[in-house]
1. Calculate, in whole percent, how much of the Cα-Cα pair population of the range 85-140 lies beyond 19 Å.
2. Could you give the Stokes-Einstein D for the chain in µm² per second, using the C-alpha Kirkwood radius, 37 °C, 0.692 mPa s?
3. Under the rule of at least 5 residues apart or a separate chain, name every residue whose amide H is placed under 5 Å from the amide H of residue 37.
4. Could you work out the Rg to Rh ratio of the range 298-445, with Rh taken as the Kirkwood radius (inverse of the mean 1/r over all Cα pairs)?
5. Restricting to the chain, what percent of DSSP beta bridges are antiparallel, rounded to 5?
6. Work out, in µm²/s and without decimals, the Stokes-Einstein translational diffusion coefficient of the range 2-55 at 25 °C, 0.890 mPa s, Rh from Kirkwood over C-alpha pairs.
7. What are the semi-axes of the equivalent ellipsoid of the range 241-302, taken as the square roots of 5 times the eigenvalues of the Cα gyration tensor, listed largest first and rounded to whole Å?
8. Run the helix sum for the chain: -39,500 (n - 2.57) per DSSP H stretch of 4+ residues, divided by residue count, reported at 222 nm to the nearest 500 deg cm²/dmol.
Amino acid sequence: METTITALATPPGISGLAVIRVSGPRAFDITDKIFRGKRKIADSESHSILYGKIERAGEIIDTVTASIFRAPNSYTGENTVEIGCHGGNIIADMIISALLESGAEPAGPGEFTRRAFLNGKMDLAKVEAVADIIHSNSVAGAQTAARQLAGSLTKKLDDLRTKLLDISGLLELELDFSEEDLELIDKELIKTRINETLDFCNELAGSLKSAEILRSGYFVGIAGHPNSGKSTLFNSMLGRERAIVSDIEGTTRDYLEESIFYKGITIKITDTAGLRDTEDVIEIAGIKFVESVLEQSNMILILNDLARGAAFSEPIYRRMKEKYSGAEIIYVNNKSDISPETPEGFLISAGTGEGVSELKDYIFARALQSRDRVSDVLVNRRQASLLSEAAGYLQTALEGLEAEFENEIIAIDIRKATKILGEITGQSWNEEVLAHIFGQFCIGK
Ligand SMILES: Nc1nc2c(ncn2[C@@H]2O[C@H](COP(=O)(O)OP(=O)(O)OP(=O)(O)O)[C@@H](O)[C@H]2O)c(=O)[nH]1
Ligand SMILES: [Mg+2]
């Protein structure tokens, strides 16, 4: 971390202001080479703001503010300058070029946050919360990530690790006295403690799906036979003519995805190509797409054309239930306006709009319920898989206790679980893990 890095911290494009970050041991003298103010940055106090001009090859580029943060009291833990300049496509680029000419290096994706982690300013659970806040698609998601950034997950994990370390310590302590045939520890208490941790790990790992809904939204796929009215329903739910509707079978060939943001949650609705046996190569390609869409759906609406009978799409419904067991599959009868039948369940007319708002309300209610499992921690895939792994070791430890294995053996499993929990916050880490985490960041963060 000998280098001094720089990048634009705000999104590129037209804006009132832009912020350029400079961080590293030479942040002050590199910025001083191009900054003209009343004082030098290097001579200024931490957490002060200087007003001045940026000069490059004798030309003034912009009038700016320079916010000064002295190590270790900055985001990265290094000397940092944040240059606030005018927005737009040109000015910030010119200032960054001037900084690069003066000895700074371009920052990689997430490199500021990576430095924050390596300097002990932030643990990995907090780093991941930063990514979540940036990418969050729901109000609740952003709030939960903010709590996580404030340390809620870190604190919980630290508590658990301490508990587990205590247990393995006790088990090993008893080992030292084993010659004397003393029963020093209460095995039942140990079991309870392990069980508590196990429950926590399982619960948190199990909240992954809810967390992903908070993070990216609730995915609803519309599937069914051609002409059942999928595109008509899609348009009706969006409230605008987005997809082409016609009475020709196979009108929709690709899939169309749109978002509705409602009551703080993003619902992503996808209209797909109708499912049928066909020779048309383009349609076959479209039907293949349908599968990839449905695979990631939280809910699948099987839209049935009631004019062809209420049971007409049941074979598709059964197939979907079998194939996508992780999703909620719902049978919806459409075209109520042209059929005298009144079957049970969802009955709508996508054409006239009858019943569509009830269906929409149901989808939102389910989306809200599905996030209930998230309390104050937003787990991601990496954390969930570590939690499951730790749970596996704890389960083995419990079984070992049950079978009255040697303390030594049980303590090994508990130590392994402890180490894995440490990987979540980054007490133990490797380059691969860091590359994976910071790869999801953008440049400038
Ligand atoms: N009467 C009536 N007609 C409808 C209703 N919904 C859709 N239609 C008609 O059914 C035909 C097919 O509608 P689409 O929405 O294109 O059907 P689709 O399921 O998207 O069809 P593909 O894209 O071919 O798979 C069109 O002529 C629509 O106007 C409805 O509720 N009532
Ligand atoms: Mg269609």
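1. Everything past 19 Å amounts to 53 percent.
2. Estimated via Stokes-Einstein, D reaches 125 µm²/s.
3. Those qualifying (amide H under 5 Å, at least 5 residues apart or on another chain) are 53.
4. Here Rg/Rh amounts to 1.22.
5. 65
6. For these conditions, the coefficient is 198 µm²/s.
7. Semi-axes, largest first: 24, 14, 8 Å.
8. Taking each H run of at least 4 residues, the total per residue is -14500 deg cm²/dmol.
Read-outs throughout are calculated quantities, based only on the coordinates presented, and are distinct from any laboratory measurement. Just so it is clear, the structure is predicted and the values come from calculations on it, not from any experiment. Please note: Cβ atoms are built from the backbone with ideal geometry, for glycine as well, and neighbour counts cover all protein chains shown.
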